[in-house]
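Encoded as structure tokens, the structure appears first; notes follow it.
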Amino acid sequence: MIRFNLHVVMAQKGRITQRKLSELSGVSVSAINRIYNETAERIDRNTLDALCKALNCQVQDLLEYVPDPDTESGSE
């Protein structure tokens with residue numbers, strides 16, 4: 001599964017608010033909120049680009065792959 005770490009990056013950048021990030025990035029507050037709360041189903045390239053520019057970070061800072069425990073059993 002993919003985990004969103006936007007909340008971590010925002011905290012590292014001085015506790016930036018979702019509204020301020022929206023102003024800096026041009027991404028809607030509702031889209032930021034979905035990513036922040038890990039309820040977003042997908043994020044387009046332009047959104048990732050805008051967030052990375054606004055937060056001065058890399059895509060891998062925002063996204064993390066975490067293996068699903070159900071698929072780690074080793075059976076295929």
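The values are calculated or read from the model by the stated rules, or taken from the named source; none is laboratory data. Please read all numbers here as calculations on a predicted model, not as lab measurements. Cβ atoms come from the backbone with ideal geometry, glycine included; neighbour counts cover every protein chain shown.
If a residue has to be among the charged types (D, E, K, R), outside any helix (DSSP H, G or I) and on the phi < 0 side of the Ramachandran plot to count, how many in the stretch 1-56 make the cut?
Residues flagged as among the charged types (D, E, K, R), outside any helix (DSSP H, G or I) and on the phi < 0 side of the Ramachandran plot within the stretch 1-56 amount to 5.
Examine the stretch 64-72 for a residue that is at negative phi, free of Cβ contacts under 8 Å to residues at least 24 places away in the same chain, out of contact with any Pro (no Cβ under 8 Å at 6 or more places or on another chain) and surrounded by 12 or more Cβ atoms within 10 Å (Cβ to Cβ), and state whether such a residue exists.
Taking every residue of the stretch 64-72 in turn, none turns out to be at negative phi, free of Cβ contacts under 8 Å to residues at least 24 places away in the same chain, out of contact with any Pro (no Cβ under 8 Å at 6 or more places or on another chain) and surrounded by 12 or more Cβ atoms within 10 Å (Cβ to Cβ).
Of the residues that make up the stretch 59-67, is at least one in a helix (DSSP H, G or I) and out of contact with any helix residue (DSSP H, G or I) (no Cβ under 7 Å at 6 or more places or on another chain)?
Looking for residues that are in a helix (DSSP H, G or I) and out of contact with any helix residue (DSSP H, G or I) (no Cβ under 7 Å at 6 or more places or on another chain), one finds at least one in the stretch 59-67, hence yes.
Considering each of A40, A31 in turn, give the residue that is in contact with a helix residue (DSSP H, G or I) (Cβ under 6 Å, 6 or more places away or on another chain), of a type in the set (G, A, S) and modelled with pLDDT of 95 or more.
Unique residue meeting the criteria: A40.
Here's a check for you: in the stretch 4-28, which residue that is charged (D, E, K, R) and at pLDDT below 95 is farthest from A50 (Cα to Cα)?
R15
So for the stretch 14-22 (the condition being among the small types (G, A, S), touching a helix residue (DSSP H, G or I) at 6+ places or on another chain (Cβ under 8 Å) and touching a residue at least 24 places away in the same chain (Cβ under 8 Å)), does at least one residue qualify?
No, that holds for no residue.
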